[in-house]
Amino acid sequence: MLHRRSPPRADPPATRFDRDYYRRYYFDPRTAVISRAEMRARAGLIAAYAAHIGLPVRRILDAGCGTGAMRATLLRRLPRSIYVGLEPSEYLCQRYGWEQGRVETYRPQAPFDLVVCYDVLQYLDDRRSGAALANLARLCRGVLYFTVLTRQDWLHNCDRKRTDANVHLRSGAWYRARLRRGFREMGAGFWLARRAPLTVWELESSGR
């Protein structure tokens with residue numbers, strides 16, 4: 001019987017996310033995992049959803065912002081907001097001026113209206129990933145946009161030639177169970193903080 005080999009376990013972010021990592025997965029179009037056009041479209045979707053549900057956005061947190069590919073579009077579409085890019089990578093913080101920190105331990109003075117956490121938590125082990133999900137509920141008082149590479153995605157959806165294999169693969173159910181403690185699932189990667197004073201129509205949410 002053939003067994004699918006799981007990717008090796010991720011190294012600590014501080015030692016991994018250097019210039020060579022970003023050159024391969026972001027800067028070189030021949031090997032990049034995603035294009036600038038895709039990131040602009042994703043940021044446009046996030047901003048449009050915030051406007052759709054009537055969320056006044058003054059503070060945006062991009063947790064694990066990488067190169068900040070969504071920053072310009074978010075600020076253009078949400079012009080009354082400020083953007084905070086949070087990154088564990090010393091290389092990126094020096095290059096772009098992001099705030100250095102980790103999503104599982106970040107403690108700002110005030111929460112954020114909109115939080116983006118895009119393809120970050122697969123780099124954390126179960127303990128740190130669980131802590132990060134709990135912290136996202138503390139950080140977000142409005143809408144969370146959350147995506148992550150799952151085991152299902154690795155097996156069936158992603159381009160493995162362009163996707164970093166050195167990650168922790170978990171099920172979508174593992175993430176949903178923990179996110180639902182602080183959020184209501186809306187669909188398409190959007191989660192509404194349970195404390196947010198916003199009304200969402202029944203068929204525009206997952207019902208949980």
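For this structure, a couple of remarks:
- Per-residue HN-Hα couplings for the stretch 49-56 [Karplus 6.51, -1.76, 1.60; θ = phi - 60°; Hz; x = Gly/Pro]: 5, 4, 5, 4, 8, x, 8, x
- Descending semi-axes in whole angstrom, ellipsoid equivalent of the chain, from the Cα gyration tensor: 26, 21, 17
- Subtracting the Cα-Cα distance of GLN100 and ASP20 from 0.36 nm times their residue separation leaves 26.9 nm of extension gain.
- Helical runs assigned H by DSSP (4 residues or longer) give the chain a calculated mean residue ellipticity at 222 nm of -8000 deg cm²/dmol, each run adding -39500 (n - 2.57) before division by the residue total.
- Only the Cβ atoms of Lys and Arg (+1) and of Asp and Glu (-1) were treated as charged; on that basis the dipole of the chain about its Cα centre amounts to roughly 200 debye.
- Its relative contact order, with pairs defined as Cα atoms under 8 Å and 6+ residues apart, puts the chain at 21 percent.
- Per-residue Cβ neighbour counts within 10 Å put HIS52, HIS168, HIS156 in the sequence HIS156, HIS52, HIS168, beginning with the fewest.
- Legend: ranking of residues MET70, MET39 from fewest to most surrounding C-beta atoms inside 10 Å; resulting order MET39, MET70.
Values in this text are rule-based calculations from the coordinates and carry no lab data. Fair warning: this is a prediction, and the values are worked out from it, not measured in the lab. Counting neighbours? That spans all protein chains shown, and the Cβs are built from the backbone with ideal geometry, glycine included.
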